[in-house]
Amino acid sequence: MSALFDLALLADFMLAMSALLLGLWVILTADALRAAIGFLVYGLLMAIVWIRLDAPDIALTEAAIGGGLIGLLVLGASTRLPPAPTAPTARGRWPLHLLAALLSLVVALGLAAVVLSLPDPAPSLATTVAAELPATAVENPVTAVLMAFRAVDTLFETVVLVLALIAFWSLIPDASWTRRPAWLPLPHPSPQLVLLAQILLPLVILVALHLFWIGASLPGGKFQAGALLAGVWALAMVAGVMQPPAVTQRLPRLLAVIGPLVFFAIGLAGIWLAGDFLAYPVGFEKPLILLIEAVLMVSVAVVLGLILAGLPAALEDRP
């Protein structure tokens, strides 16, 4: 038993050092593409860290968003940056990189000081949540907190996603509204990439539906499933298996807002049926929560996928 404990401690130490060194390398490297790849790997590494901290819900989110969607955005942006500067110019950026590393170190030390200064045991509402959990008819405390105890926050988070998409679309030139985004699709995708996208598309859809369904009782849920669907949609668009939708198409717009609309409608119905906004009638808690989670999964996937698809290119000026 002692040997197993020592191995686990050694593995945790190596994991922590790997995350620290990779983070420093991402900050200090002068090559944008290498930094983007390192950031993607860092997101996946942090997902393993959250697993070791017994936070599987956060680990799933980190793997899907931090190691997937954001990594894809950063990787795509790095390929479209101008050529790397000459050696003297690159050396001149080291003070800026060093400043970023020092600021990151200050934030990390500050967070560590706050966590280590907490009393033992740390203050927690876990007991209160566990006592009220049966009233929600769901077994996963994370889902119960998001959809019942702080449902208003979750509602506004979904609204913020739609507002982010609107703000993103506001950057489209007026003359390009009817065009399809051309950021993700590769001009000549390799046959291997096309085959990978075709194989993964149905498999990932099944995995996302599984994550959504078990979210009521086990780690998972709408945000993780939606992010996974958005990621495989982006892969399909990169490979040319699916075309990015035009901004003027109504179906993507409807799917993007249907989640918050249904969530808000059920919340209003709770005033008459259960006596309060976003209260669930007795006996209908779990079906209503699953309905909200289902439409929110679709909205999250569509909003993130539309943002990943990018903006339509501006029309070239003609004489």
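Numbers for the structure displayed
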| read-out | value |
| --- | --- |
| The range 172-205 versus the range 96-126: alpha-carbon centroid distance in Å | 40 Å |
| Probe 1.4 Å, protein heavy atoms only - accessible area per residue of the range 178-319 in square angstrom | 52 Å² |
| Per-residue ³J(HN,Hα) for the range 127-140, Karplus 6.51 cos²θ - 1.76 cosθ + 1.60, θ = phi - 60°, Hz, x for Gly and Pro | 5, 5, 5, 4, 5, 8, 4, x, 5, 8, 6, 10, 8, 7 |
| Within the accessible area of the chain (1.4 Å probe), percent carbon and sulfur | 75 percent |
| The chain: DSSP helices with Cα axial extent of at least 15 Å and average Kyte-Doolittle hydropathy no lower than -1.0 | 2-28, 32-52, 94-116, 151-169, 191-214, 222-239, 250-273, 285-309 |
| Diffusion coefficient, µm² s⁻¹, Stokes-Einstein with Kirkwood Rh over alpha-carbon pairs of the range 91-238 at 4 °C and 1.567 mPa s | 64 µm²/s |
| Rounded if a/c under 1.5, otherwise prolate or oblate - the chain, Cα gyration tensor axes | oblate |
| Accessible-area value, E132, 1.4 Å probe, nucleic acids and ligands omitted, Å² | 100 Å² |
| The chain: most fluctuating residue of L102, L218, L44 per GNM, C-alpha cutoff 10 Å | L102 |
| Highest-MSF residue in the chain out of A148, A294, A269 [GNM, Cα springs under 10 Å] | A269 |
| Förster-model FRET efficiency, 35 Å R0, V194 and I166, C-beta, rounded to 0.05 | 0.60 |
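The values are calculated or read from the model by the stated rules, or taken from the named source; none is laboratory data. This structure is a prediction, so every number in the text was calculated from the model and none was measured. Please note: Cβ atoms are built from the backbone with ideal geometry, for glycine as well, and neighbour counts cover all protein chains shown. Note: areas computed on protein heavy atoms with side chains; ligands, DNA, RNA excluded. Shrake-Rupley method; radii C 1.70, N 1.55, O 1.52, S 1.80 Å.
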